[in-house]
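Report on the following structure.
The values are calculated or read from the model by the stated rules, or taken from the named source; none is laboratory data. This is a predicted model, so every value here is computed, not measured. Because the Cβ atoms are built from the backbone with ideal geometry, glycine has one as well, and the counts that use them run over all protein chains shown.
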Amino acid sequence: MKKYVAILFTFVWFLFMFPAYSSASVSVPYKTETFTADGNIIETQTAYVPIGLFAKGTEIINPEDIFINGKDEVIIADSGTQTVKKFNGSGELLQEYGVDILQQPMGVAMDEEANIYVADYGKETVFKFREDGALLEEYQRPDSPLFGQSAPYKPQKVAIDQRGNIYIVGESATNGIIQLSQDGTFLGYYGSNTLEPAFGVALQNFITAQRQRANLFLREPPAAQNLSIDDQGLTYTVTSGTTWEAIRKLNIAGDNILPSEISEETNLVDVANGKIGNIYAIGTDGVIYEYDSSGNFLFSFGGSTEETNRLGLMVQPTSLDVDSAGRIYVTDLELGVIQVFEPTEFTSILHQGLALFEEGYYVESEAYWDEILTLNSSFWLAHSAKGEALYKQQLFDQALTEFSLANDKEGYSTAFWEVRYQWMEDNLATVFLVLIALVTIRFVIKRLDKKRSILQPLRDLRAKGQNWTLLNEVVYVKNFIKHPLDSLYYLKEYERISIVSSTILYVVLIIEYVFMIYWTGFLFSYQILEEINIFFEVGKLVLPLLLFIIVNYLVSTITDGEGRFRDVYNGTIYALAPFLLFVLPITLLSNILTYNEAFVYTLSFEVMVMWCGVLLFITIKEIHDYTFWGTVRNLFLTLFGMFMMVLVFFVLYVLFDQLYDFVRSIIQEVILRV
């Protein structure tokens with residue numbers, strides 16, 4: 001008996017001594033995910049936990065929309081009871097609106113005077129109720145000619161700005177959000193959605209006149225699904241069925257100030273904004289997304305279920321809002337409930353850091369980012385924010401490290417400019433002294449060489465090198481920069497270049513290409529070095545070159561081209577002379593530039609590539625003795641032939657793969673039966 005008592009005492013002692021261990025992981029029926037700096041999705045600490053149902057016991061049948069005011073009063077539009085209900089923060093019913101008036105309330109909002117606005121889809125009207133429930137105003141279809149005779153007016157959602165203007169999201173209202181004044185005057189359409197830019201549309205607009213474009217098929221952007229307005233008067237909208245500007249944050253002019261591709265989800269149904277400017281959205285699958293005020297992704301959590309008692313999962317979510325404590329309220333149309341999610345300690349720390357960061361208190365927020373990184377070292381936003389804090393403290397080297405971990409190129413560029421400036425300030429005098437010393441040494445050596453010929457051994461060595469045929473052939477590549485036409489003539493007529501020298505240059509090309517991948521400056525490299533497959537990268541260079549050489553030769557044999565295979569093989573690599581000669585200095589240059597001088601790197605690289613393209617065109621023209629248009633035709637046929645060859649190899653691969661699976665399955669069947 002004493003033994004069992006001792007074991008029980010030990011167990012209880014462990015519970016009291018290590019309470020943090022038992023609460024470290026919160027059990028929820030969903031995963032919480034975030035992005036790494038590389039853009040990969042990873043699971044992270046639980047951000048929000050479901051804490052129960054709001055207003056449980058009150059008759060709520062089909063909650064369509066939710067609005068939470070500054071007093072944390074919760075207002076629900078319920079199409080099932082055809083009413084709007086207002087609750088206090090504890091879930092006690094305070095007031096009911098629209099009894100025997102509303103038909104299908106789908107949207108609700110409140111102004112600063114506590115008046116309630118309800119978007120009634122069934123009656124095609126927006127109703128305005130006083131705080132005590134009395135009906136004050138009905139906003140029906142605007143009679144203004146500017147609204148449009150055929151424009152639909154089916155109110156689904158409503159919001160009110162600080163000036164009392166009414167914003168209405170209507171079904172199929174592709175012209176934008178309907179904006180009314182307090183007296184019902186139509187003020188215009190606001191913040192209409194835009195279409196994703198497409199090359200075909202841009203080309204069509206370029207080659208057609210305005211009148212012709214008007215006669216073409218009219219592409220309309222999708223209508224907004226829901227909206228919200230924050231304390232600063234900024235409007236947030238979500239749009240379903242598209243990934244282009246699925247979530248928008250509109251300024252007074254109606255322009256979106258968030259990234260156009262902020263979300264890849266096409267099923268978003270509502271958007272809300274939090275106390276510190278965070279943006280929340282929810283999809284039909286019950287997944288909730290949180291972003292900071294700039295549109296940076298923070299978390300996604302939640303999900304859907306077919307069961308009716310899985311707290312934290314939804315069946316048919318329709319709306320969400322956030323109270324002053326950061327709790328998220330979500331309405332479920334199918335279940336007729338409002339679920340409440342509370343932020344965990346991890347999320348509370350993150351929000352405190354964000355609040356300071358948004359107010360410009362970068363240094364003060366550093367402690368919070370350190371704590372976040374202790375809990376999750378892959379949380380990229382914490383690295384970026386800490387980099388800002390270090391930058392404000394003029395710890396530029398440490399800031400560079402944090403910006404690099406966050407893949408924050410803008411921040412890295414700013415910090416690197418300071419590091420570079422500091423280096424120049426500390427070492428510029430030394431650099432000038434070294435340059436002066438080198439010039440002086442050069443001058444002295446030239447004077448001594450005139451008197452005593454001290455450089456004669458080097459001249460003899462150079463003369464011997466000029467007699468080395470292979471070396472001369474490799475070095476001949478520089479002639480393609482100065483005299484491309486003459487060089488091509490000697491290449492073809494006098495076989496000035498051999499297969500061996502060309503092969504050496506192809507190897508050099510591969511080495512330089514690999515060097516460019518690994519040594520391009522952080523600001524101008526868009527590859528993740530840890531994830532690079534070097535064989536795949538080399539294949540991306542070698543296979544297209546090999547295909548081009550083979551297909552171009554084959555095409556030229558049927559289009560009266562005079563070039564031999566060796567001419568195409570040799571000419572192609574020598575046409576890439578600008579890349580061979582200049583890619584190394586350009587790559588090294590990228591390591592000392594910031595975004596302020598980005599045009600230097602970009603222009604240099606583009607000129608180098610275009611130069612190679614021009615030389616390749618001239619090479620094909622001269623090797624095969626084509627006219628200008630004959631060369632153009634040859635190159636188009638070459639590209640088409642390359643495409644067809646890749647397609648044939650792909651078809652053969654699929655066929656052989658199926659044949660392999662078929663033979664393997666037969667062998668396995670025979671083995672099992674025999």
Every residue from the range 84-113 that is in a loop (DSSP other than H, G, I, E, B) and crowded, with 16+ Cβ neighbours inside 10 Å: GLY91, GLY98, ILE101, LEU102, GLN104, ASP111
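In the range 256-273, what residues are more than 19 Å from ILE288 (Cβ to Cβ) and outside any loop (DSSP other than H, G, I, E, B)?
Of everything in the range 256-273, just one residue is more than 19 Å from ILE288 (Cβ to Cβ) and outside any loop (DSSP other than H, G, I, E, B), namely ASN256.
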Verdict on SER304 being surrounded by fewer than 22 Cβ atoms within 10 Å (Cβ to Cβ), without any contact (Cβ under 8 Å) to a residue 24 or more places away in the chain, over 23 Å from ILE257 (Cα atoms) and of a type in the set (Ser, Thr, Tyr): yes
Which listed residue, of THR587, THR520, THR557, THR572, is of a type in the set (Ser, Thr, Tyr) and surrounded by fewer than 19 Cβ atoms within 10 Å (Cβ to Cβ): THR557
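Could you list all residues from the range 494-528 that are over 30 Å from the mean Cα position of the chain (by Cα) and within 15 Å of LEU576 (Cβ to Cβ)?
Residues of the range 494-528 over 30 Å from the mean Cα position of the chain (by Cα): 494-511.
Passing the criteria: ILE497, SER501, SER502, THR503, ILE504, LEU505, TYR506, VAL507, VAL508, LEU509, ILE510, ILE511.
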The range 353-379, subset more than 12 Å from ASP292 (Cβ to Cβ) and touching a Ser or Thr at 6+ places or on another chain (Cβ under 6 Å), residue modelled with the highest pLDDT: LEU356
Conditions (1) farther than 21 Å from ASN40 by Cβ; (2) modelled with pLDDT under 95; number of the one not met by GLU265: (1)
Members of the range 151-174 that are among the small types (Gly, Ala, Ser), under 19 Å from ASN193 (Cβ atoms) and surrounded by fewer than 18 Cβ atoms within 10 Å (Cβ to Cβ): ALA151, SER172
Index of the failed condition, GLU245 passing every other in (1) at pLDDT below 95; (2) at negative phi; (3) surrounded by 13 or more Cβ atoms within 10 Å (Cβ to Cβ): (2)
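ILE667: more than 35 Å from the chain's Cα centre (by Cα), assigned to a helix (DSSP H, G or I) and more than 22 Å from VAL551 (Cα to Cα), yes or no?
Values: more than 35 Å from the chain's Cα centre (by Cα): yes; assigned to a helix (DSSP H, G or I): yes; more than 22 Å from VAL551 (Cα to Cα): yes.
The answer is yes for ILE667.
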Selection within the range 507-533 - out of contact with any Phe, Trp or Tyr (no Cβ under 9 Å at 6 or more places or on another chain), more than 27 Å from PHE403 (Cβ to Cβ) and in contact (Cβ under 8 Å) with a residue 24 or more places away in the chain: VAL508, ILE510
Helices (runs of 4 or more DSSP H) enclosed by the range 360-435 - at least 2 residues per element that are of a type outside the set (A, V, I, L, M), free of Cβ contacts under 8 Å to residues at least 24 places away in the same chain and within 20 Å of GLY39 (Cα to Cα): 396-406
Condition check for ALA109: of a type in the set (Gly, Ala, Ser), under 40 Å from the mean Cα position of the chain (by Cα) and within 21 Å of GLU73 (Cβ to Cβ): yes
